[in-house]
1. Quick one: would you say VAL70 is part of a strand (DSSP E or B) and open to solvent by 30 Å² or more (accessible area, probe 1.4 Å)?
2. If you take the residues in the stretch 22-51 that are within 10 Å of the chain's Cα centre (by Cα) and exposed (fewer than 14 other Cβ atoms within 10 Å of the Cβ), which one is nearest to ASN2 (Cα to Cα)?
3. State whether the residues of the stretch 54-61 include one that is open to solvent by 80 Å² or more (accessible area, probe 1.4 Å) and under 22 Å from GLU74 (Cβ atoms).
4. From the set of residues in the stretch 7-21 that are in contact with a Phe, Trp or Tyr (Cβ under 8 Å, 6 or more places away or on another chain) and open to solvent by 80 Å² or more (accessible area, probe 1.4 Å), which is farthest from ILE83 (Cα to Cα)?
5. Determine the pairs where a residue that is closer than 21 Å to SER47 by Cβ, located within the stretch 66-93, has a partner that is polar (S, T, N, Q) and surrounded by 18 or more Cβ atoms within 10 Å (Cβ to Cβ) with Cβ atoms under 9 Å apart, the partner being 6 or more residues away or on another chain.
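The values are calculated or read from the model by the stated rules, or taken from the named source; none is laboratory data. Quick caveat, the model's predicted, so the values are computed rather than measured. FYI the Cβ positions are ideal-geometry reconstructions off the backbone, even for glycines, and counts take in every protein chain you see. To get the accessible areas, we keep the full protein, side chains included, count just its heavy atoms, and leave off ligands, DNA and RNA. Shrake-Rupley method; radii C 1.70, N 1.55, O 1.52, S 1.80 Å.
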Amino acid sequence: DNSDILVPRAFSPNTDGHNDKLDIFLVGVKKMNYFRIFNRWGQLLFSTSKLHVGWDGTLGGVQQPGGTYVWMIEGLTKDNRVITKKGAVTLIR
């Protein structure tokens, strides 16, 4: 099975048109159940179940500081298996 969810290791939301949002890439996955971003204190900063809606590095319109953030994602493969992944991303300011 080649199903996977790919998440970049870093992004730079500086409005230069390159890597301004943290977005995921689905391979063999038909549905995303959730994509969540947390800060180091476990506060939920971003959550979506919509494809191609990435995190822009803000919370309520306030830019979050550069650093490491934790992400969690769950999706459903084309053969109806649940795939769950978690990791960290670096926000570069």
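1. Values: part of a strand (DSSP E or B): yes; open to solvent by 30 Å² or more (accessible area, probe 1.4 Å): yes.
The answer is yes for VAL70.
2. In this case the residue turns out to be PHE25.
3. Within the stretch 54-61, not a single residue is open to solvent by 80 Å² or more (accessible area, probe 1.4 Å) and under 22 Å from GLU74 (Cβ atoms).
4. ASN19
5. That search, which allows pairs on different chains as well, returns ILE83/THR77; LEU91/GLN64.
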